[in-house]
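Here's the structure, in structure tokens; my notes come after.
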Amino acid sequence: MTAGAPIPSKDYARQYGPWLPELLEEIGRVLLSEEPILGRSVARFEAEFAAYLGVPACVSVNSGTDALVLALRTLNLQPGDQVLTAANTFVATVTAILMAGGTPRLIDPDPDSMNLDPAAVAAALGPRTRAVIAVHLYGRAAPVTELKRLLAPRGIALLEDCAQAHGARDGAGPTAPRIGSVGDFGCFSFHPSKNLGAFGDGGAIALSSTAAQFELCGRRNLGKVDDYEVRFVSGNSKLDTLQALILSKKLPHLDALNARRRYLAERYREQLSDLEELRLPARVPGEGHVYHLFVVESPRRAALMAFLANRGIKSSIHYPIPPHLQPMDTDLGYPRGSLPIAERLAEQVLSLPISPELRDDEIDRVAAAVRAFHRGATQ
Ligand SMILES: *Cc1c(COP(=O)(O)O)cnc(C)c1O
């Protein structure tokens, strides 16, 4: 059975179509008047994004992964130094720790928020703990203000992996801090699929003080602190001028796009909350959730996913293999069964389409299909 056109999880043509003439004109202006690398648009976007977050400085880089790696490198991790993070995160959080020379210490998430629980972090701190990476997974703010209170007096760095939560706030009120502004480093990805996305890779590090700005500007640029002098052993991790331009054009719309995501999440909730077998993401007050993904849990995930696919609906899994079970070339030291909540989530989570460019009737079609599956429809 099908009912209408396929429903994608992402549609870049819909995203860019409406403002293409304006964007092409701006791109033309930049091509004729700026440097392709570290052009004026880069510094401009960094200043705009820092102002949006309420931090004193922001250093743009080429990806969210490198934002994490470069921020961690400023800590000068020694062999055996531990960096704590959530076991159910995207694998890049964990590989960043390894690339920066640290030892990942994985913590099972709170099963309701799917984020780190400060009590579990407190219980896992040890003499070799150098940093904690709080991941705002799926767009829901992790409790970073509380984590900062725990970690700052102990001299342990707090990094925020903000790749999925641009614009979310840690707290309910309209003046609650934006995520990325609370920890020592707020690490963002601008991968095209994220809530604030470039047309290509990109990332940024929000800084709560300007102390690390000089070092990070060197580390993103082959270790160079000026045209000729190299002070750090480092790769090449710069944000392109054209990507910065696109991000500058999109940033003023971020809050409205996040509000649309919250509206669509509520629309799902109204239509799905009576389905007992399906677990919906917990409702979060204010701007505490920006629904990068709308992640449900189903004990019959594979069947539900196939049922939706039969109706042209693209759902996806974030993530089917938790980092500690990836067949990586490094053994993280966590056998199967050692992180039971992350492992259960990996078996049950399913992301329903929630891009802001989807229409209300498309969300309703997804919800109707999910309902039909639970009523026992077979095809
Ligand atoms: C996307 C993502 C990253 C990596 O970002 P890239 O820009 O793709 O390198 C890191 N952490 C999380 C949680 C992500 O979702």
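The values are calculated or read from the model by the stated rules, or taken from the named source; none is laboratory data. Owing to the predicted nature of the structure, the values given are computational and were not obtained by experimental measurement. All Cβ positions, glycine included, derive from the backbone under ideal geometry; neighbour counts span all protein chains shown. SASA here: full protein model, heavy atoms, side chains in, ligands and nucleic acids out. Shrake-Rupley method; radii C 1.70, N 1.55, O 1.52, S 1.80 Å.
Of the peptides 124-134, 253-263, how do they stack up when ordered by the mean number of other Cβ atoms within 10 Å, highest first?
Top of the packing list down: 124-134, 253-263.
For segment 174-333, how big is Rg over Rh, using alpha carbon atoms and the Kirkwood form of Rh?
For segment 174-333, the value is 1.04.
Compute the distance from the alpha-carbon center of segment 133-179 to that of segment 349-375, in whole Å.
Here the answer is 29 Å between Cα centres.
Would you mind putting 167-173, 271-277 in packing order, based on average other-beta-carbon counts within 10 Å, highest first?
Highest mean packing first, the order is 167-173, 271-277.
Measure off, as a whole percent, the carbon and sulfur share of the 1.4 Å-probe accessible area of segment 1-125, all protein chains present.
The value for segment 1-125 is 61 percent carbon and sulfur by accessible area.
What translational diffusion coefficient, to the nearest whole µm²/s, does segment 71-204 have by Stokes-Einstein, given a Kirkwood radius computed over alpha-carbon pairs, a temperature of 10 °C and 1.306 mPa s viscosity?
D, rounded to a whole number, is 107 µm²/s.
Taking segment 336-379, how much of its Cα-Cα pair set, in percent, is spaced more than 11 angstrom apart?
Percent of Cα pairs beyond 11 Å in segment 336-379: 74.
Order 40-48, 353-361 from most to least packed using the mean count of other Cβ atoms within 10 Å.
40-48, 353-361
Amide H to amide H, which residues 5 or more places from VAL135 or on other chains are under 5 Å from it, using H placed in the peptide plane?
Close amide H contacts, sequence-distant or interchain: ALA86, LEU116, ASP161.
How big is the equivalent ellipsoid of the chain along its three axes, where each semi-axis is √(5λ) from the Cα gyration tensor, reported in whole Å from largest to smallest?
33, 27, 18
Binning every alpha carbon pair distance of segment 18-100 at 5 Å from zero, what are the percents per bin?
3, 12, 15, 15, 16, 15, 10, 8, 4, 2, 0
Of LYS238/LYS314; LYS10/LYS224; LYS148/LYS238; LYS194/LYS249; LYS194/LYS238, which sit over 27 Å apart, Cα to Cα?
Pairs exceeding 27 Å: LYS238/LYS314; LYS10/LYS224; LYS148/LYS238.
Need one number: convex hull volume per residue for segment 240-379, Cα atoms only, in Å³.
166
In whole Å, what are the extents of segment 135-180 along the principal axes defined by its C-alpha atoms, from largest to smallest?
So the three principal-axis extents are 28, 22, 11 Å.
Can you tell me what the convex hull of the Cα atoms of segment 259-303 projects to on average, as an area in nm²?
So the Cα hull casts an average projection of 3.5 nm².
Using each residue's phi in segment 104-110, evaluate 6.51 cos²θ - 1.76 cosθ + 1.60 at θ = phi - 60° and report the 3J(HN,Hα) Karplus result to the nearest Hz, with x for Gly and Pro.
Here the 3J(HN,Hα) series is x, 10, 8, 10, 4, x, 5 Hz.
Rounded to whole Å, give me the distance from the Cα center of segment 30-47 to that of segment 205-257.
A separation of 12 Å, based on Cα centres.
Evaluate 2.2 N^0.38 Å with N set to the residue count of segment 72-112, then give the Cα radius of gyration divided by it.
Output field value: 1.19.
Along each principal axis of its Cα atoms, how long is segment 125-218 end to end? Whole angstroms, biggest number first, please.
So the extents along the principal axes, rounded to whole Å, are 42, 37, 23.
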